[in-house]
Amino acid sequence: MGSTYEPRSLEGGNLKGSSKEVKQGRTAHNMSSSSLRKKSELVLVSKLRNGLFRQFLTNLQEVLLGTKLSILFPTVPLAIIAHIYHFGRPWIFALSLLGLTPLAERISFLTEQITYFTGPTIGGLLNATCGNATELIIALFALHRGKIEVVKYSLLGSILSNLLLVLGTSLLCGGLANLKKEQKYDRKQADVNSSLLLLALLCHMLPLMFRYAAGSNLSMRKQTLVLSRASSIIMLIAYVVYLVFQLKTHRRFFEAQEEEDGEGEADEGAVIGCPSATAWLIGMTAVVALLSEYVVGTIEDAAESWGISVSFISIILLPIVGNAAEHAGAIIFAFKNKLDISLGVALGSATQIAMFVVPLSVLVAWIMGTRMDLDFNLVETGSLLIAILMTAFTLQDGTSHYLKGLVLLLCYVVISACFFVMKTPLHQPNTLITGIESSQAAALAA
């Protein structure tokens, strides 16, 4: 047997559709992640005679060494060891956060491998649910521990980082690298995502305005939670329609267009069979869940030790480190003047967080008996408003240059500075109740 790895011969899997069909179903998320992958040399593994052992080692090498971020994998066992032997909790937080970076990229890789066997539609659905698995898992563990503010901060930070940091850096780097070229992109995808983000913004602003409009009327304030849950259901319905729009009726708007220039060596076909990819995906998700629990459990200690607020760590640090692989891929394609892919990554991820992860967290909290609403407070909601409006205005003409990226990036810097100096308490009240009204609220709740 040669050194080329054939999933059919090792696992008997049957690829659905031609490679061209699978390639056409690839999204910007897939292509962005593939930019950080590298081929593993399988010469030594291919000489082994035991078929099952050879298959296991091949999969192990492809999963662990098939990424340029493999250097960060040692932080995963180090985080577990630090937790078992009760090292400093800030160390556990830092190691867990670094360990989530390659794991998030590998989940995207394994999802794409399954796509080769299931076809682009089911693969796209998997990508739509697993594309931000890290944020969703962190949110669920934070909900389980009752840390509602951490959930809100981390999800808000993911949206802000995608819209301002990732998109801004991509447009800036792409503009500087292609000064003599006119950078254009397809506005269709940007318009769809911008519309959904504006809908999400409305659902966030209404509970905030409703709370302030209610004033001292405590019975009206309690309706903020009801409004948030109803809005979350509407957002999830809109997201399902968006998936149908993206995967079925208007798939051409979202498919990543590749140039026939020899790039995308990782597109040649599946390197892992479907059963192995599924097993590895389950295992990687379990490890992400473990590290996410460490992150949620130690975030307050890390903030106190480092002298910075929980809001800054959740809104700024968590999204930057957790999505580093996805962000780097978007910037790489911007350098190559492939802005459609960069926009697909940034806008697609922001839309998925705003329209799927956030409302799902509200409904899961409802099931758990936890009071989580869509009222993200004034400064946080104002930052979201500016980010979405700035992005929508920036992308309205279908062309780009480095100044647009610089403005978005500077907006992110200013917002980061705001949350750095704002020492928001983790368990702040989410209402305007003060003085005598607090006793009235307690009586009303009873």
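The values are calculated or read from the model by the stated rules, or taken from the named source; none is laboratory data. Worth saying up front: this structure is predicted, and the values here are computed from it rather than measured. Glycine gets a Cβ as well: all are built from the backbone with ideal geometry, and neighbour counts include every protein chain shown. The accessibility values were calculated without ligands, DNA or RNA, using every heavy atom of the protein model including side chains. Shrake-Rupley method; radii C 1.70, N 1.55, O 1.52, S 1.80 Å.
For region 81-91, 3J(HN,Hα) computed residue by residue from phi via the Karplus equation (6.51, -1.76, 1.60; θ = phi - 60°) reads 5, 4, 6, 5, 9, 6, 5, x, 4, x, 5 Hz, glycine and proline entered as x. The residues Trp91, Trp366, Trp280, sorted by heavy-atom accessible surface at 1.4 Å with ligands and nucleic acids left out, run Trp91, Trp366, Trp280 from largest to smallest. Near the amide H of Gln183, within less than 5 Å, lie the amide hydrogens of Ser400, all on another chain or at least 5 residues away, with H placed in the peptide plane. Between Ser70 and Thr278, the FRET efficiency estimated from the beta carbon spacing at R0 = 22 angstrom works out to 0.55. Pairs exceeding a 23 Å alpha-carbon distance, out of Lys152/Lys184; Lys180/Lys404; Lys68/Lys338; Lys68/Lys181: Lys152/Lys184; Lys68/Lys181.
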